Amino acid sequence: MSVSSVREDLYNLPNILSVFRILLVPAVCIFLYFSDPFSSLMAVVLFAVASATDWFDGYWARKHDLVSMTGKFLDPLADKLLVMASLIMLVPLGRISATLVIIILAREFAVMGLRSVAAGEGLIIAAGQSGKYKTAFQMTGLMGLMIHYVYSVDFVFVETKLNFHVIGLWLIIISVVFSLWSAYQYFTGFLEGIERLQERQSSGASN
């Protein structure tokens, strides 16, 4: 990589969307800070827009062969900032317990650290299906906690009240279960990869 190539990468659409997603993080936090029903709905709208760009920039990068080192840095950075900032803002509002947030953030830092060590050893640990379930439940759960309030919802002939706080909290709890399971899979995958690497090195040395 060079400085010029990084500059060029910043101007492709997927990376522009990643930067846009990072810029949305303060806006989401500001609306969560006010925490009234209107501000909560605005926060979840911005969060949903950011989540949609996350899917779209990955799709566009793969389709048009725009995958870059800059994108590999910006995309996960934008995702982590969005989720972590939202979780932290929800704690003082009483919408999620600090214990749950600590577990979620500790898992994220542990997995990021493990993948960095693995990359240093030449190993790539692919994300499993449980990690994808974790992300899906976590994103929808966060949106539920952001909305927070009880709203009447009309399902054609049936009108019911939905407590978005309770729905969001349970979705987050389910995401934590998948999160811990996927962390275990990352850890075991790392150990298996290190073991295979040592076997190849020992067999190469014997030859």
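The values are calculated or read from the model by the stated rules, or taken from the named source; none is laboratory data. This one's a predicted model, so the numbers in the text were calculated from it and none came from an experiment. Positions of Cβ are backbone-derived with ideal geometry, glycine not excepted, and every protein chain shown enters the neighbour counts.
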Test: residue in the range 168-182 that is farther than 21 Å from residue 79 by Cα and assigned to a helix (DSSP H, G or I): yes
Members of the range 173-199 found to be crowded, with 18+ Cβ neighbours inside 10 Å and closer than 14 Å to residue 144 by Cβ, listed by number: 175
Hey, residue 119 among the aliphatic types (A, V, I, L, M) and either on the phi > 0 side of the Ramachandran plot or exposed (fewer than 12 other Cβ atoms within 10 Å of the Cβ) (or both) or not: yes
Meets criteria (in a helix (DSSP H, G or I) and closer than 27 Å to residue 38 by Cβ) for residue 189: no
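Conditions tested, residue by residue: (1) surrounded by 16 or more Cβ atoms within 10 Å (Cβ to Cβ); (2) free of Cβ contacts under 8 Å to residues at least 60 places away in the same chain.
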| position | (1), (2) |
| --- | --- |
| 129 | no, yes |
| 136 | no, yes |
| 142 | yes, no |
| 154 | no, yes |
| 171 | yes, yes |
| 201 | no, yes |
Selection within the range 57-89 - free of Cβ contacts under 8 Å to residues at least 40 places away in the same chain, surrounded by fewer than 16 Cβ atoms within 10 Å (Cβ to Cβ) and part of a helix (DSSP H, G or I): 59, 62, 63, 72, 73, 76, 80, 88
Among (1) modelled with pLDDT of 90 or more; (2) among the β-branched types (Val, Ile, Thr); (3) in a strand (DSSP E or B), the one test that residue 160 misses: (1)
Count of the range 90-104 residues which are under 15 Å from residue 141 (Cβ atoms) and assigned to a helix (DSSP H, G or I): 5
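Rundown of residues vs (1) farther than 30 Å from residue 195 by Cβ; (2) not hydroxyl-bearing (Ser, Thr, Tyr), yes/no style:
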| residue | (1), (2) |
| --- | --- |
| 68 | yes, no |
| 89 | yes, yes |
| 94 | yes, yes |
| 114 | no, yes |
| 123 | no, yes |
| 142 | yes, yes |
Matching residues, the range 145-157, being touching a helix residue (DSSP H, G or I) at 6+ places or on another chain (Cβ under 8 Å), farther than 12 Å from residue 96 by Cα and not in a helix (DSSP H, G or I): 149, 150, 151
Test for residue 46: is it in the same structural domain as residue 141 (by TED's automatic domain parsing), under 30 Å from residue 152 (Cβ atoms) and surrounded by 15 or more Cβ atoms within 10 Å (Cβ to Cβ): no
Unique match (being part of a helix (DSSP H, G or I) and closer than 24 Å to residue 28 by Cα) among 197, 142: 142
Count of residues meeting criterion [among the hydroxyl-bearing types (Ser, Thr, Tyr) and outside any helix (DSSP H, G or I)] in the range 12-38: 1
Enumeration of residues in the range 17-56 that are of a type in the set (Val, Ile, Thr) and free of Cβ contacts under 8 Å to residues at least 24 places away in the same chain: 30, 45
